[in-house]
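Here's the structure we're looking at; comments come further down.
What follows draws every value from the coordinates through simple rules; no lab data is involved. Computed from a predicted structure; not experimentally measured. We place every Cβ from the backbone using ideal geometry, glycine too, and count neighbours over all the protein chains shown.
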Amino acid sequence: MAVISVAGKAARPTTHEGRDRRCRKVRQNLTAHGFLLGALLCFGFFTWYPMVREVVMSFQKTKRGRTSWVGLDNIDQLLQDPEFWQAWRNTLLFTLLALVFGFAVPFFVAVLLNELRHAKSYLRILVYLPVMMPPVASVLLFKYFYDPDFGLFNSILHTLHLPTSAWLNSPDTAMVSVVIASTWMNMGGATLIYLAALQGIPGELYEAAELDGAGLWRRVWHVTIPQTRLILSLLLLLQVVATMQVFVEPFLLTGGNGPQGSTTTVVYLVYQYAFNFNNYGAASALGLIMLVVLAGFSALYVRQSRKAD
Amino acid sequence: MDEPLTRTLISQTQLNRPLGRLLYRTVLALTVVGFTVVFLGPLYWLVTGGLKSTAEVIQNPPTLFPAELHPETYATAWRQLGMSRLLFNTLYYAFGALAFQLVFDVAAAYALSKLRPVLGNLILGMMLATLMIPAAVLIVPQYLTVLDLPLLHVNLVDTPWAIWLPTVANAFNIFLLKRFFDSIPEDLMAAAAIDGATPTRALWSIVLPMSRPILGVVSIFAVVNVWKDFLWPMLVQPEPANQTLNIGIKSLSMGVPQNVIIAALAIASVPTVVFFLIFQRNIMSGLTSGGLKG
């Protein structure tokens, strides 16, 4: 706002008219900034300032109330923590599995829904319903289903004479179990976006392909996929960024660490450093590392969405 | 049936052939049954689980229908977990957040779109830049900020402000609203100005009535986001009396019988399911129109 008043004073008005116009301009600017004030304060306090602080804290350490610069010590400490590497391995595994399920399944479901002529609204509501549920309800329900002794899943497997599983209790299957629950909870959003993209494909393209003798698979390959490729790649990037921040599902299903640390994710490790060990420096440094990794994906996203426009 | 038929992957003529029709019927039946089992099944389990006795709910194999009905489990859950308190808190946070977002974000988007102040584009750019920062990265510095707000030195932890105010810093809202306001013709604004309408008056009488669809989308997502949030309310509302449904159920669930927990989960899900069924059209169109192509 300082800028406005300076601008108002600097150019000395020569005529009455000019002064009036300038006055109005200043007043308009003041009004506009008044409208912006609430949002600006909230952004300032809760996003912009924390962003700066995140970077600053990554290179600081607080001991007994005294804060000092420590350079790369925090990052050093992280790199020496075996949990750091495990958390990254787990997070990448989660992201990979979540994409196999959370990317392919919704696309398939969307193609299927788009072909059906009946019960469309009903099916669409069903797919999106879990997205609206409070996460604690879906997650604790899945925890109950996963119970090795009285859970629904093992009893279904047992009835079908299939081998049962320890689900969340075994380091081998814990992460897969988390991914299954997470896919059920979150696939609705992606499905609906794909569905909208599919509905935007002009029918003539399919007709033309059919006249040219293209069978079902060639129509999928040469019409459906190219026509939705941009949305697909955008959503893929968004999903990578979102799934790499996974926290709630492992936190509620396995308490965070899981058997032998098999479900410790990066964000859970941030949480542990900050709120269990009170080591805000290391927590911030870990956040910063994560930011750098995800920034790559975000940059790709921006490039793709420019193309989409 | 639901939408005007446009040509899709498989043509209508193909479906009208006997074999096509048979295949279509089979796929349709499988899909409807499969989806119902996969997506409604767990909800069925949730509701009936709350009706089972403590012994039956952890019995192996599980029962499809409750052997005897225990509706009093719901009353127990409501009392034991203090559900009325949790429900009230969640609604209070959600609608408070909605009010703050509507006032501040609408005002900001209006200023950026129609009043165009000096530095407006810089401010918009700085707001949109926050979209690139993954939310989880900022959780620690945000928490420390709320613990001791700079300049003012107040502690917002355990006050509703800790939930309400950070939700205003939502660049996506600003973006959606601004884009919508941009589509309102400038002539209309100029005509209002000539008639002597102040910017506030123009916002109230011209812009807001025309923006109902986008205000609906922003409102719904404001409420849903607070309702679904977990980590942030867990950090900033440590006091049990201030907790939300998600956190309260999680922290009180230790040592409570399984059937009581399930009943509590069912109670917690009911409002969202009802809310969704009422607003499903707006939610889904908001998701697909504002969600990506934005």
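Quick notes on this structure:
- Whether region A:76-308 is rounded, prolate or oblate, judged on the alpha carbon gyration tensor where a/c under 1.5 counts as rounded: oblate
- Computing FRET efficiency as 1/(1 + (r/R0)^6) for B:VAL37 and A:LYS25, where r is the C-beta to C-beta distance and R0 is 51 Å, gives about 0.20.
- Ranked by how many other beta carbons lie within 10 Å on average, peptides A:209-220, B:234-245, B:195-206 from highest: B:234-245, B:195-206, A:209-220
- Contact order normalised by residue count of chain B, Cα under 8 Å, 6+ apart, percent: 30
- Whether region B:83-247 is rounded, prolate or oblate, judged on the alpha carbon gyration tensor where a/c under 1.5 counts as rounded: prolate
- FRET efficiency for the B:TYR92 to B:SER251 pair, using the beta carbon distance and R₀ = 30 Å, is estimated at 0.95.
- Three-way shape call for the protein assembly as shown based on the alpha-carbon gyration tensor, with the a/c threshold at 1.5: oblate
- Relative contact order of region B:88-178, taken over Cα pairs closer than 8 Å and 6 or more residues apart, is 50 percent.
- Here is what passes the span test in chain B: the DSSP H helices with alpha carbon length of 20 Å or more along the helix axis and a Kyte-Doolittle mean of 0.5 or above are B:18-35, B:83-100, B:212-228, B:258-291.
- Relative contact order (percent, whole number), region A:76-308, Cα cutoff 8 Å, 6+ residue spacing: 28
- If you take all other residues with their beta carbon under 14 Å from the beta carbon of A:GLY258, and give Lys and Arg +1 and Asp and Glu -1, the sum is -1.
- Hydrodynamic radius (Kirkwood) for region B:214-287, which is based on Cα pairs only, to one decimal in Å: 13.8
- Kirkwood-Stokes translational diffusion coefficient of region A:13-118, alpha-carbon pairs, 25 °C, 0.890 mPa s, µm²/s: 119
- Extension gain for the segment B:ARG281 to B:ALA99, taken as residue separation times 0.36 nm less the Cα-Cα distance, is 63.3 nm to one decimal.
- Full extension of the chain between B:ASN225 and B:ALA29 yields a length gain of 67.1 nm, computed as 0.36 nm times the residue separation minus the alpha carbon distance.
- Cα-projected label distance for A:GLU17 with B:ASP158, points at 7 Å along beta-carbon direction, nm: 6.5
- For A:47-59, mean number of other protein chain Cβ atoms within 10 Å: 5
- Dipole size of the protein assembly as shown about its Cα centre, with +1 on Lys/Arg Cβ and -1 on Asp/Glu Cβ: approximately 1660 debye, rounded to the nearest 20.
- Positive-end extreme of charge dipole, chain A - chosen from A:SER284, A:LEU99, A:TRP48 (charges on Cβ): A:TRP48
- Paramagnetic label zone (point 7 Å from Cα along Cα-to-C-beta, B:ARG7; backbone N under 13 Å) in region A:170-205: A:201-205
- Only the Cβ atoms of Lys and Arg (+1) and of Asp and Glu (-1) were treated as charged; on that basis the dipole of region B:83-247 about its Cα centre amounts to roughly 220 debye.
- Protection proxy ranking, peptides B:255-266, B:57-68, B:215-226, average beta carbon neighbours within 10 Å, highest first: B:255-266, B:215-226, B:57-68
- Length released on extending from A:SER121 to A:LEU72, taking residue separation times 0.36 nm less the Cα-Cα span: 12.2 nm
- Here the dipole of chain B is about 780 debye; that uses its Cα centre as origin and unit charges on the Cβ of Lys and Arg (positive) and Asp and Glu (negative).
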